[in-house]
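J.: Right, I'll just put the structure down here and ask away after.
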Amino acid sequence: MAGGQTSTEYIQHHLQNWTYGKLPVGYTRYDGTVLTEATWTSAHTAQEAKDMGFHAVHVDTLGWSIFLGALFIFIFSRIAKKATSDTPKGLQSFVELVVSFVDSTVKDTFHYRNRMIAPMGLTIFCWVFLMNFMDLIPVDWIPYFVANAVVGDSHFFFKVVPTTDPNATLGMAVGVFILMIFFSVQQKGLIGFIKELTFHPFSPPTKGAFIVLAPLMITINFILEFVSLSAKPISLGLRLFGNLYAGEMIFILIALMFGAGFVFGLFGGVLQWGWAVFHILVITLQAFVFMVLTTVYMAMAHDNHDEH
């Protein structure tokens with residue numbers, strides 16, 4: 001543990017994002033200085049990050065997300081430009097295997113005509129996998145040996161796994177939710193989408209004495225459908241965040257053993273290797289689940305109940 005940190009401080013440091021935001025005038029900073037004017041700066045403590053409020057930005061999450069997304073685009077575009085009709089070898093063979101796997105998965109799940117869904121599924125799977133894969137890098141390598149060496153600040157926060165930040169996973173889930181709404185309105189029309197929210201799963205009475213119950217039935221339908229609709233992106237984002245956050249926490253707890261002497265350090269090395277091997281399955285599965293659920297939600301958005 002760097003800088004003589006306690007176990008609690010070590011864990012808290014590794015779970016804190018590099019936060020950039022605005023501190024108000026008169027704010028007392030970590031070193032005792034009082035701000036004479038509102039200042040945009042990086043947080044040096046968890047309390048400073050909290051006091052920056054809603055408009056603060058997690059620089060490490062955004063930076064690694066953009067970098068890994070660009071890396072995916074670079075690799076796949078480069079392979080696509082060099083692809084030949086001959087028997088694929090090396091990286092081209094791997095890329096074609098991934099593309100074929102995603103394409104067959106999407107075809108099995110999505111039975112409508114939309115040329116956007118398969119490329120979106122490929123992007124989600126590869127991008128989420130790359131972000132998850134960062135969890136396999138030893139927890140101290142980048143934060144301490146790279147970030148602190150460059151910045152020269154022992155209080156510097158730097159997380160390298162974007163999917164352990166709920167802002168990232170829920171942000172992606174919100175993007176999926178917006179697409180769900182867009183395709184629902186596109187395929188069913190605005191009136192059809194409203195009818196889906198208010199006339200399912202129970203059809204309100206349209207004639208007879210029971211017509212007075214129609215407003216109540218419509219309200220119940222709307223509440224049920226709204227809860228079901230809004231739960232999709234929340235569960236989608238929190239599932240990915242929860243699994244990767246738990247995996248990162250285990251790596252951090254194992255890393256604590258390296259500072260407890262040779263025997264515990266040796267045992268920690270064995271545990272770290274074993275958990276890393278198992279975690280390869282976790283990061284791949286979570287990327288696959290996020291892709292499949294997104295595809296399922298797109299299929300649900302294209303499904304028109306009035307046609308049945």
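The values are calculated or read from the model by the stated rules, or taken from the named source; none is laboratory data. Keep in mind that what you see is a predicted model, and the values were worked out from it rather than measured. Every residue, glycine as well, gets a Cβ built from its backbone with ideal geometry; the counts of neighbours run over all protein chains shown.
J.: If you check Ile142, Ile137, Ile178, Ile117, which single one turns out to be crowded, with 17+ Cβ neighbours inside 10 Å, under 30 Å from Leu15 (Cβ atoms) and out of contact with any strand residue (DSSP E or B) (no Cβ under 7 Å at 6 or more places or on another chain)?
T.: Ile142
J.: Sort out which residues of segment 98-129 are out of contact with any helix residue (DSSP H, G or I) (no Cβ under 8 Å at 6 or more places or on another chain), part of a loop (DSSP other than H, G, I, E, B) and not hydrophobic (A, V, I, L, M, F, W, C), and write them in order of number.
T.: Arg113, Arg115
J.: Pick out the one residue from His13, His44 that is assigned to a helix (DSSP H, G or I) and under 30 Å from Ile250 (Cα atoms).
T.: Only one candidate qualifies: His13.
J.: Oh, and also: Which of the residues that make up segment 209-225 are surrounded by 12 or more Cβ atoms within 10 Å (Cβ to Cβ) and among the aromatic types (Phe, Trp, Tyr)?
T.: Phe222, the sole residue that qualifies.
J.: Given the condition touching a residue at least 40 places away in the same chain (Cβ under 8 Å), in a loop (DSSP other than H, G, I, E, B) and within 22 Å of the chain's Cα centre (by Cα), answer yes or no: does some residue in segment 17-31 qualify?
T.: Within segment 17-31, one or more residues are touching a residue at least 40 places away in the same chain (Cβ under 8 Å), in a loop (DSSP other than H, G, I, E, B) and within 22 Å of the chain's Cα centre (by Cα).
J.: Looking at (1) under 30 Å from Ile194 (Cβ atoms); (2) modelled with pLDDT under 90, which one does Trp275 not meet, given that it meets all the others?
T.: (1)
J.: Considering each of Val95, Val150 in turn, give the residue that is closer than 27 Å to Ile280 by Cβ, over 21 Å from the mean Cα position of the chain (by Cα) and either of a type in the set (Lys, Arg) or surrounded by fewer than 20 Cβ atoms within 10 Å (Cβ to Cβ) (or both).
T.: Residue meeting the stated conditions: Val95.
Yes/no matrix, rows are residues, columns are (1) free of Cβ contacts under 8 Å to residues at least 60 places away in the same chain; (2) closer than 18 Å to Val139 by Cα:
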| position | (1), (2) |
| --- | --- |
| Gly237 | no, no |
| Ala246 | yes, yes |
| Leu253 | no, yes |
| Met300 | no, no |
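J.: Taking Ser203 as the residue in question, decide whether it is of a type in the set (Gly, Ala, Ser), over 18 Å from Lys232 (Cα atoms), over 27 Å from the mean Cα position of the chain (by Cα) and not in a helix (DSSP H, G or I).
T.: yes
J.: State the number of residues belonging to segment 234-270 that are modelled with pLDDT under 85 and not β-branched (Val, Ile, Thr).
T.: Counting residues in segment 234-270 that are modelled with pLDDT under 85 and not β-branched (Val, Ile, Thr) gives 14.
J.: Give segment 6-60 a look and list any residue that's of a type in the set (Phe, Trp, Tyr), surrounded by fewer than 13 Cβ atoms within 10 Å (Cβ to Cβ) and either modelled with pLDDT of 90 or more or at positive phi (or both), or say none.
T.: Scanning segment 6-60 gives a single hit, Trp40.
J.: Here is a further query. Within segment 99-107, identify whether any single residue is touching an Asp or Glu at 6+ places or on another chain (Cβ under 7 Å), touching a residue at least 12 places away in the same chain (Cβ under 8 Å), under 28 Å from Ser77 (Cβ atoms) and buried (at least 16 other Cβ atoms within 10 Å of the Cβ), and answer yes or no.
T.: Scanning segment 99-107, I find no residue that is touching an Asp or Glu at 6+ places or on another chain (Cβ under 7 Å), touching a residue at least 12 places away in the same chain (Cβ under 8 Å), under 28 Å from Ser77 (Cβ atoms) and buried (at least 16 other Cβ atoms within 10 Å of the Cβ), so the answer is no.
J.: Just wondering, is there one or more residues in segment 190-198 that are part of a helix (DSSP H, G or I), without any contact (Cβ under 8 Å) to a residue 24 or more places away in the chain and closer than 20 Å to Ile73 by Cα?
T.: Within segment 190-198, none of the residues are part of a helix (DSSP H, G or I), without any contact (Cβ under 8 Å) to a residue 24 or more places away in the chain and closer than 20 Å to Ile73 by Cα.
J.: Limited to segment 206-231, what total is found for residues that are part of a loop (DSSP other than H, G, I, E, B) and either among the small types (Gly, Ala, Ser) or at pLDDT 85 or above (or both)?
T.: Final tally of qualifying residues: 1.
J.: Looking only at segment 130-184, which residues are β-branched (Val, Ile, Thr), in a loop (DSSP other than H, G, I, E, B) and touching a residue at least 60 places away in the same chain (Cβ under 8 Å)?
T.: Hits for segment 130-184 are Val139, Val160, Val161.
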